[in-house]
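Below is one structure, written out as structure tokens; comments come after it.
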């Protein structure tokens, strides 16, 4: 039950709002300026400088596992062609650099400033073509929540749970909760398929459909359950534990009071 | 008290007039005379059955409200209610009307949540009530039939719960029905046709919600109400059991009178249960079908689980290792489904039959109205602990994925651990519990013989330190010595000089039950012990 | 060691049960020098019995609770009006639910605690002792009941006239069978389950389409690491039986690196350049097996944790499922769209008795 409380705590509305605000201000907002420029933007001098900075950061922080020019080693895959979106997701959510080898890379506090994440992303993007960081209008939640919800149920809910509360995978891996993930990172995860997540390319789920999925997740993030506390949104297990421990627990305490001699 | 006596004459005359008026038209006076001042033994654990009863009343009240709005139809419509992320989505009328109850009828969500929470509490309270009955031996003669009725009620309550869970036709319950469909199909001989007839053709079909609705609001509630009535009549006929205590015997029942104290407590308790459920329903979401969306055979949610009381069956399915299915005689034998069903079936039959088994082993034909302390029936208590462990292992298995993510384990590891718990756990629980019971009985004997340890250390003239023991008064002592122990059965040839196989089985079971017998302290033993201490 | 049916006869202890004089205690050991019941301890008065001040306070608490309950009910009615549900606003539903419910909870809990407190602290603290009587009633009553049955047996000849009795029992056993026949009508009369379970909507040339849009899929669109949730083209246009067809025909389409794909000799041409299509319906009890891990190539069923290895023709590697997921043979048509080569070559979904 501790666990459960912690989970409910995690969904505190202020936390969601704060994280959303953070996500929007730092990532979406900042990237909007950058990602409006496309291939041509990379050619100009600021971008060239960005790439140089990124290369230095890469060689200092990532090269041990991914190789000096990101060609990959036994400890880490090649990053040629993964695109800026993959780097922005992996580094921007704190999954990279990895702390230790495990079933899957864990989310940690982000190690770099937003500017550094960008520099790394554009350095890796310069090595080969790959998915770019998505434009703002695709990730700000302005789409059709109903369409997004249906697509989410078909393509995502089996791993991430219908309410985005996360779920278990094989051998200790898990699909993380989506309750405090920014729209940009959700989009990037779909196009790049981080860890064991499948890739959802634009022919499978169109950019507009992806926007709708993000819209639905934002709806769930912004609107707390009409029924009251969500108990972690993990379904009947939490409900059953609740009724046994708190419901029946409280009632047994009351039965003791009822039958105790009055004092 | 003084105010009561001054007002009494006037009050009495009204009360008297009213009761005479009613009695002359109903002949209820005999009933009131017989029952009104019956003593009802008082203990917190005697209220657990009331928790079940009262939550069932709440289920009935809230459920009646829901029937006025719910439409048990699987006709497809496009949702046009208030919940934005489902607008325009194709769904059955059942799902759409449940969403309307939740979002477009004021207070509808409150009643819906109260109905579901009360249903969970209903089954949970039955479970706890049954455990109380089992561990205190309150199922012994003359209450064996009432145990059976209670057991059937437990099964009916689970059926009520499952049919209700399936009605909204949402994704979670739809996948639950898909699982039921798969399990039914796995039954030998009848499975395929049973599923075909149940769903009115191919799964999912358009019939199942309507059929479950008839069961849920007509057939099953009628059975539950009827059996509850018989259950309660038997409680009145048998009078309630009581715990051992000074003055309490097998021939009496001691407690406050039904009118007014017991009625006040029970009546008040009903409102408390109702209130607790209202509090939970107003603050905690249950079964958020708007998250699950309508049933569609393609999607599924991580963490797809049944409500808690079906969990043990779902868990049993999860624990089977790969490959338990064979084609033999040109037919498919799905042991990955049959083995869990048979295991659960045997478990339930043993639960239902236990009172008769224990009575046969003991051969005790007397009535028992004093509830046992669990430690004084060590083998029964140990069997109960083994059963609880078995059930809990299956139950936990139904949340194997949630356990894995929340405790950072691998789901394979969780499943393997729970396979161990279900198979070996009951034996460990049995031995540990039995040893603990025997140790507690020995401690009781020590206390009776030598008194409580007072914690006061005294130095004797010889320099020796001893702890002063506080002797028990006769009332406290009575609680510790007023039980009977049973000895293993000695086989004797019957009239024809034979020993039947049944006798052999009975003797073996009796040995298993009673060989570790600890008898209560007798007067002689206490005197002897005092005698020793004086020297 | 005790033996049955003897030990209790002459050793009835003071407190043993009395169901009937002859009731056997079985293997119970009844000690001759057991303690005797000391009788009731002296009555212990409550605080409210001894202290009039406390008695008054308890009474005040009780009626205060009842007034509080009235307040709760009034609040509930007020909340019903103060927090109406406005169309499309889930937040208002939350407030309505919470405040209406809290008022109701207060009204109910206050009555409950008030009445119980009244019973515990204010009502006269009476404890009664009832005598129990044998449940079977007096021996005379029992004998009379037995007599009734014996008389009616003799008068009817139920045990004597065996031909009548046995034929009646036979008739009673047979008469419900017509009712069983009625159950056939629970499913369409002109259908049989086994043929239905053995075929799906897929047939030669049916295009693989996206779920739920129904847009057909080109092989080129399926990049490595992708997972597409697939339905047969035309499913969404069905007038009837859409869900029933979908429940059998749902497919998961994945593209692996062809080097990592280990295919059976006879199924080499069932895939297209590393693209494989498998039934999404679990062979255990029929949940959608949709959790695809693109690096390990494992498919996981979220209901009972069966795992299938896509790289090895979806054989079971963990969990209760016994059979591999059925594979849909696919190819591409002239326009580059993925099509089925045929229906599934075996029934999809959970096992059933007639399956072989």
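Nothing in this text is a laboratory measurement; each read-out follows from the coordinates by a stated rule. Since this is a predicted model, take the numbers as computed values, not measurements. Positions of Cβ are backbone-derived with ideal geometry, glycine not excepted, and every protein chain shown enters the neighbour counts.
Some points to look at:
- Only one of C:299, C:235 that is more than 15 Å from residue A:154 (Cα to Cα), surrounded by 24 or more Cβ atoms within 10 Å (Cβ to Cβ) and more than 8 Å from every other protein chain (Cβ to nearest Cβ): C:299
- Output for segment A:214-232, where each listed residue is within 27 Å of residue B:400 (Cα to Cα), within 7 Å of chain B (Cβ to nearest Cβ) and in a helix (DSSP H, G or I): A:231
- Scanning segment B:391-435 for residues that are under 26 Å from residue B:378 (Cα atoms) and part of a loop (DSSP other than H, G, I, E, B) returns a single hit, B:424.
- Filtering B:48, B:53 for residues that are within 30 Å of residue B:133 (Cα to Cα), at the interface with another protein chain (Cβ under 9 Å from one of its Cβ atoms), outside any loop (DSSP other than H, G, I, E, B) and out of contact with any strand residue (DSSP E or B) (no Cβ under 8 Å at 6 or more places or on another chain) leaves a single hit, B:48.
- Condition met for residue A:245 (touching a residue at least 12 places away in the same chain (Cβ under 8 Å), out of contact with any helix residue (DSSP H, G or I) (no Cβ under 9 Å at 6 or more places or on another chain), at negative phi and assigned to a helix (DSSP H, G or I)): yes
- Checklist (1) free of Cβ contacts under 8 Å to residues at least 24 places away in the same chain; (2) assigned to a loop (DSSP other than H, G, I, E, B); (3) facing chain B (nearest Cβ under 8 Å) applied to residue C:285, failing item: (1)
- There is at least one residue in segment C:205-219 that is touching a strand residue (DSSP E or B) at 6+ places or on another chain (Cβ under 8 Å) and assigned to a helix (DSSP H, G or I).
- Residues within segment B:62-98 that are under 20 Å from residue B:281 (Cβ atoms) and either within 11 Å of chain A (Cβ to nearest Cβ) or part of a loop (DSSP other than H, G, I, E, B) (or both), tallied: 5
- Filtered residues of segment C:94-105 (kept if surrounded by fewer than 22 Cβ atoms within 10 Å (Cβ to Cβ) and in contact with a helix residue (DSSP H, G or I) (Cβ under 7 Å, 6 or more places away or on another chain)): C:98, C:99, C:102
- Among the conditions (1) surrounded by 24 or more Cβ atoms within 10 Å (Cβ to Cβ); (2) free of Cβ contacts under 8 Å to residues at least 24 places away in the same chain; (3) away from chain B (no Cβ under 14 Å), the only one that residue C:265 does not satisfy is (1).
- Boolean, residue C:195 is crowded, with 19+ Cβ neighbours inside 10 Å and more than 9 Å from chain A (Cβ to nearest Cβ): no
- Members of segment A:170-200 that are more than 8 Å from chain B (Cβ to nearest Cβ) and under 18 Å from residue C:288 (Cα atoms): A:197, A:198
- All of A:145, A:121 fail the test of being in contact (Cβ under 8 Å) with a residue 60 or more places away in the chain and under 23 Å from residue B:293 (Cα atoms), apart from A:145.
- Count of segment B:288-305 residues which are outside any loop (DSSP other than H, G, I, E, B) and within 7 Å of chain A (Cβ to nearest Cβ): 2
- Residue list for segment B:228-261, restricted to those being more than 13 Å from chain C (Cβ to nearest Cβ) and surrounded by fewer than 16 Cβ atoms within 10 Å (Cβ to Cβ): B:229, B:230, B:232
- Tally, over segment A:133-169, of residues that are surrounded by fewer than 24 Cβ atoms within 10 Å (Cβ to Cβ), assigned to a helix (DSSP H, G or I) and more than 7 Å from chain B (Cβ to nearest Cβ): 4
- Residue within segment B:144-152 that is within 13 Å of chain C (Cβ to nearest Cβ) and not in a helix (DSSP H, G or I) present: no
- Boolean, residue B:161 is crowded, with 20+ Cβ neighbours inside 10 Å, touching a strand residue (DSSP E or B) at 6+ places or on another chain (Cβ under 7 Å), within 13 Å of another protein chain (Cβ to nearest Cβ) and within 30 Å of residue B:234 (Cα to Cα): no
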